[in-house]
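Student: Can you keep this structure in mind? I'll have questions shortly.
Derivation of every value follows stated rules applied to the coordinates shown; laboratory data play no part. On a predicted model such as this, the values are computed, not experimentally measured, just so you know. Quick reminder, even Gly has a Cβ in these numbers, built from the backbone with ideal geometry, and neighbours come from all protein chains shown.
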């Protein structure tokens, strides 16, 4: 018997979710004024989290990697540092949320997982921003340290929160989606 995440239909669904994630990276908006308007909120993690809910953590991480790699090669993708930052932040989001959600797989654990994952991403991205952002932007570490509390920490919290808080609502459609994918 095949594992549910490896069936042809499941792989096709995962590829479709990756394609949707690639599209959604372009549905974005800045939350800060220049010069920090390069920090943009997008909704590309929603399909990744749906893949995780439907097929498990390895499938979610696979969708994340495929979508992130392609996104990083497209205009504005900032390969390789954009890829590194996205894989770390979204990977933590996927794993932290899934570990809580899979306890009962209901709306409440989805919401609790969303809160836990948002906190985890925000905390993990503090050292990542201090290490990678100076390389990525050319700003000195001291400049990054100065914008960490007023800009980067709120951005990471808002970015993770906007993506993941939608997922418990979408999971109410999970059963119809799974019936379609069988």
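Student: Using the alpha-carbon atoms, what tilt in degrees (0 to 90, nearest 10) does helix 57-73 show relative to the longest principal axis of the chain?
Tutor: Relative to the chain, helix 57-73 is tipped by roughly 50 degrees.
Student: Taking Cα pairs under 8 Å and at least six residues apart, what relative contact order does the chain come out at, in percent?
Tutor: 21
Student: Further, regarding this structure: By how many degrees, between 0 and 90 and to the nearest 10, does the Cα long axis of helix 107-137 differ from the longest principal axis of the chain?
Tutor: Once rounded, the angle reads 40 degrees.
Student: Run the quick spin-label model on residue 166 and residue 7: label points 7 Å from Cα toward the beta carbon, then report their separation in nm to one decimal.
Tutor: A separation of 2.7 nm, rounded to one decimal place.
Student: Using the Cα gyration tensor of the stretch 60-146, with a ≥ b ≥ c the square roots of its eigenvalues, what is the shape: rounded (a/c below 1.5), prolate (a/b larger than b/c) or oblate (neither)?
Tutor: oblate
Student: Once you have the Cα-Cα distance between residue 40 and residue 130, take 0.36 nm times their residue separation minus that, and quote the gain in nm to one decimal.
Tutor: 30.6 nm
Student: Any idea what log10 I(q)/I(0) is at q = 0.15 Å⁻¹ for the chain, Debye with uniform C-alpha scatterers and no solvent?
Tutor: -0.84
Student: Same structure again: On a full-extension model of 0.36 nm per residue, what is the gain between residue 16 and residue 31, subtracting their alpha-carbon distance, rounded to one decimal in nm?
Tutor: Full-extension gain reported as 2.5 nm.
Student: Any idea what angle helix 153-164 forms with the longest principal axis of the chain, computed on alpha-carbon atoms, 0 to 90 degrees, nearest 10?
Tutor: 20
Student: Moving on to the next point. Explain nothing, just the number: relative contact order of the stretch 1-90, from Cα pairs under 8 Å at least 6 residues apart, as a whole percent.
Tutor: RCO, the stretch 1-90: 25 percent.
Student: Mind checking the full-extension length gain between residue 23 and residue 153? Use 0.36 nm per residue of separation minus the Cα-Cα distance, one decimal, nm.
Tutor: Once the chain is fully extended between residue 23 and residue 153, it gains 44.2 nm.
Student: Using a Förster distance of 30 Å, how high is the FRET efficiency between residue 142 and residue 73, based on the Cβ-Cβ distance and rounded to 0.05?
Tutor: 0.40
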